[in-house]
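The structure under discussion appears below in the form of structure tokens.
The values are calculated or read from the model by the stated rules, or taken from the named source; none is laboratory data. The model shown is predicted, which means the values in this text are computed figures rather than measured ones. Positions of Cβ are backbone-derived with ideal geometry, glycine not excepted, and every protein chain shown enters the neighbour counts. For accessibility, only protein heavy atoms count, side chains too; no ligands or nucleic acids. Shrake-Rupley method; radii C 1.70, N 1.55, O 1.52, S 1.80 Å.
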Amino acid sequence: MAPLERLRAAGRLDQDVALGPLTTYRLGGPAQYLVTIESEQDLRDAWAVAGDEGLPVLPLGRGSNVVVAESGFAGVVIQPGPGLSRRSIGDEVIAGAGVPLPLLARESARAGRGGLEFFAGIPGSVGGAVRMNAGCHGTETSDVLISARIFDLGSGKAADHTPAELDLAYRRSNIDDSKFVVEARFATVPCEAAESESKIREITRWRRANQPGGTLNAGSVFKNPDGDSAGRIVDSLGLKGLSCGAVSVSERHANFFVAGEGATAQDLHTLVRDVQKRVRDEAGVDLEPEIRFVGDFG
Ligand code: EPU
């Protein structure tokens, strides 16, 4: 059977799928193909479909850092399914790419394994955390990662890699779209469940007080420049409340841009470029977006 038919027969391939609902902003158009990955064979098949049709591939986790253009993504989106959402919690925590980070934090705490509490403050997936070296409250994924199993779509093979091999640094790695995080192993320390759960509650409380929860956003829009905070700089220029269409700079935190009723991905993109230019012109700082824009923007 050809790869496309094999994926379709297994119920793992959809065509013209709205991507907005798969991202936290809930904006943007469709993907030409969406493949739900349950096994390494699915990854080989998805890569073959893309190759046969000359299309790009886009690995997607929980969509908390991705915004898709209204015209959509003419390519193959690959996303971990239930087969890559298993976890085992012990001295080491082993978790599939699709496991939501807050869930992993809570389950580890309940099992008396500490060290992953910071994941409660990151609304992404294990795969995304490895790729972005996600972090908050002074801890990054690289601090707890023992190794990650990375599937190389080009060679069709998977291998385990240490954080050093993945070149993890502040909000970056050497994992590009030709690689797919399958699973990660994290180090934990024994702890009292109640103590770990209380750390998680504190993180949740801090986020509620300092970030615009309950709105459509994708966390920080920009990476922090060396030694400073993008939110502080944008705020210092008086840009809170600045808007384009129905997207505006949050009044609560200037590095969060929130989408209101009727917002478009293009509005968001235009506002990001506008703020970037004002910060460059007025503060002399080049802010690099943390949000990834996919597809064609004007
Ligand atoms: N600040 C302002 N005005 C604002 C926002 C912030 O003056 O509108 C000031 C704060 O008072 C503080 C400083 O800027 O002195 C830093 O702000 P905050 O503590 O909120 O941290 P951040 O640097 O903006 C980073 C991460 C967040 C993470 C928090 C908590 C980045 C780009 N952001 O935010 O990560 O949750 O620390 O650890 O590194 C994300 O990456 O999506 C994200 C939300």
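Taken one residue at a time, the phi angles of segment 100-116 give Karplus couplings (6.51, -1.76, 1.60, θ = phi - 60°) of x, 4, x, 5, 5, 4, 5, 5, 5, 4, 4, 7, x, 10, x, x, 9 Hz. Gly and Pro are set to x.
Assign unit charges at the C-beta atoms only (+1 for Lys and Arg, -1 for Asp and Glu), then state the dipole size of segment 240-286 relative to its Cα centre in Debye, rounded to the nearest 20.
80 debye
Expressed as a whole percent, the accessible area of segment 170-282 that falls on carbon and sulfur atoms is 46 (1.4 Å probe).
Backbone amide hydrogens, once placed in the peptide plane, bring I146 within less than 5 Å of R185, F186, A187, excluding anything fewer than 5 places away on its chain.
Classify segment 11-116 as rounded, prolate or oblate, taking a ≥ b ≥ c as the square roots of the eigenvalues of its Cα gyration tensor: rounded when a/c is under 1.5, otherwise prolate if a/b is larger than b/c and oblate if not. Spell out each step's value before the answer.
Working: a/c = 3.32, a/b = 1.73, b/c = 1.92.
Oblate is the answer for segment 11-116, as a/c is 1.5 or above yet b/c matches or exceeds a/b.
What relative contact order, as a whole-number percentage, does the chain give when Cα pairs under 8 Å and 6 or more residues apart are counted? Reported relative contact order: 17 percent.
Reducing segment 8-46 and segment 271-286 to their Cα centroids gives an inter-centroid distance of 35 Å.
One way to sum up the overall shape of the chain is the equivalent ellipsoid from its Cα gyration tensor, whose semi-axes run 30, 27, 16 Å, largest first. Modelled spin labels at A159 and D274, positioned 7 Å past Cα toward Cβ, are 4.7 nm from each other.
Can you tally the lysine pairs in the chain where the Cα-Cα distance is under 18 Å and the two residues are eight or more apart, or on different chains? Final tally of qualifying lysine pairs is 4. Among residues other than E140 with Cβ under 11 Å from its Cβ, the summed charge is +1 (Lys and Arg +1, Asp and Glu -1).
Taking the chain as a Gaussian network of alpha-carbon nodes connected by springs under 10 Å, the highest mean-square fluctuation of the residues R205, R110, R171 belongs to R205. Between G245, G284, G75, the residue with the greatest mean-square fluctuation in the GNM of the chain (Cα pairs under 10 Å linked by springs) is G284. Only Cα pairs within less than 10 Å get springs; with that Gaussian network setup on the chain, which residue of D14, D226, D52 has the largest fluctuation? Between D14, D226, D52, it is D226 that shows the largest mean-square fluctuation. Between the alpha-carbon centres of segment 141-216 and segment 111-137 there is a gap of 5 Å. Would you please state the base-10 log of I(q)/I(0) at q = 0.16, 0.21 1/Å for segment 149-298, with intensities from the Debye formula using one equal scatterer on every alpha carbon? Rounded to two decimals, the profile gives -1.04, -1.21.
Each Lys and Arg adds +1 at its Cβ and each Asp and Glu adds -1 at its Cβ; summed about the Cα centre, segment 49-163 shows a dipole of about 320 debye. DSSP bridge analysis restricted to the chain gives an antiparallel fraction near 75%, rounded to the nearest 5. With the convex hull drawn around the C-alpha atoms of segment 1-51, the volume per residue stands at 80 Å³.
Mind running the shape call on segment 204-255? Use the C-alpha gyration tensor, a ≥ b ≥ c as the square roots of the eigenvalues: rounded below 1.5 for a/c, prolate if a/b tops b/c, oblate otherwise. Before the final figure, lay out the partial values.
Values: a/c = 1.70, a/b = 1.05, b/c = 1.62.
Taking the square roots of the gyration eigenvalues as a ≥ b ≥ c, segment 204-255 is oblate.
Counting pairs of alpha carbon atoms under 8 Å apart in space and at least six apart in sequence, what relative contact order in percent does segment 44-163 give?
Values: 177 pairs, mean separation 22.2, N = 120.
That works out to 19 percent.
Counted over segment 107-217 with a bin width of 5 Å, the fraction of Cα pairs per bin, in whole percents, is 2, 12, 20, 21, 18, 13, 9, 4, 1, 0.
For segment 169-298, the solvent-accessible area works out to 51 Å² per residue, with a probe of 1.4 Å and every protein chain left in place.
Quick one: which of 141-154, 183-196 comes out on top by average Cβ neighbours within 10 Å, and what's the full order, highest first? Let's see the in-between values first.
Working: 141-154: 20.0, 183-196: 17.0.
So the order, starting with the most tightly packed, is 141-154, 183-196.
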